[in-house]
Amino acid sequence: MPTDCDAREALRPFEDEGWITEVLYEVKSGKEATVFCCRGGVLSPYPLVAAKVYRPLERRGFRNDAAYLEGRVHLARPGRASRAVRKHTAFGREVQYGTWIAEEWETMQILSEGGVTVPTPLRCGERAILMRFLGDETAPAPLLHEITPSPTRAATLVDQVLRDVELMLDHDCVHGDLSPYNVIACEEQAVIIDFPQAVDPRLNRNACGLLARDIERMCQWASRHGAERRAAEISARFWSRFVRGELG
């Protein structure tokens with residue numbers, strides 16, 4: 001198990017249930033969560049499992065998240081929860097904390113079942129999510145920003161990401177923070193990760209702008225590797241098809 005006491009406690013239920021048997025190494029640590037590579041247990045369909053452990057409430061920041069929270073179902077109705085979030089009370093922070101975890105889990109389930117290329121979600125706990133691990137016992141598969149592909153491979157990868165972005169939109173989801181830093185290059189596949197900030201374009205008025213930014217970042221990456229794509233035209237086309245109900 002990891003040396004961090006909070007992470008150990010977050011992962012212990014998965015170990016007790018038989019989802020994982022041991023933590024092999026830390027994959028990455030960010031401001032909101034730490035990801036570990038674990039050996040799968042008897043309940044896991046995969047030999048290796050990724051465990052995304054969210055930081056404790058007091059060690060996480062929720063700055064600059066107003067654009068993402070708008071329209072989330074349990075905050076959309078007036079009530080104690082929505083008032084507490086707006087006033088940044090202790091209870092409001094607890095609501096936000098639970099929001100990020102629950103929303104990421106639900107989003108991953110919907111997208112995985114809908115054919116979007118994401119790590120297969122396996123189990124959700126109070127402070128952690130288990131999913132299929134991409135890599136081996138020594139290292140994770142690289143992120144897009146870590147590779148130097150040929151123009152042909154860059155075109156293949158970015159086109160797959162753009163296909164998935166459109167498919168996500170068809171499932172009423174905009175990633176909201178897409179970049180080469182949260183797309184895994186697993187052999188010839190581009191696998192999109194990290195969904196706590198995903199938004200529902202039917203309910204969030206910032207969705208169109210977030211979609212355009214997601215696409216712009218991916219097209220910029222492709223351009224640096226010799227694969228030119230017209231970001232503005234692509235985002236306008238995707239959004240127009242979404243508004244007219246032509247996706248799917």
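Annotations
- Label-to-label distance, nm, for residues given as Arg39 and Gln109 (7 Å Cα→Cβ offset): 3.0
- With a 1.4 Å probe rolled over the protein heavy atoms of all chains, the accessible area of Leu167, Leu203 falls in the order Leu203, Leu167, largest first.
- Only protein atoms count toward the accessible area here, which uses a 1.4 Å probe; on segment 94-248, the carbon and sulfur part of that area reaches 47 percent.
- Nearest-0.05 FRET efficiency for Gln220 and Glu246, computed from C-beta distance (R0 22 Å): 0.25
- Distance between the 7 Å Cα→Cβ label points at Glu9 and Thr138: 3.7 nm.
The values are calculated or read from the model by the stated rules, or taken from the named source; none is laboratory data. Because the structure is a prediction, the values reported are computed rather than measured. Counting neighbours? That spans all protein chains shown, and the Cβs are built from the backbone with ideal geometry, glycine included. Areas reflect the complete protein model, heavy atoms only, side chains present, ligands, DNA and RNA absent. Shrake-Rupley method; radii C 1.70, N 1.55, O 1.52, S 1.80 Å.
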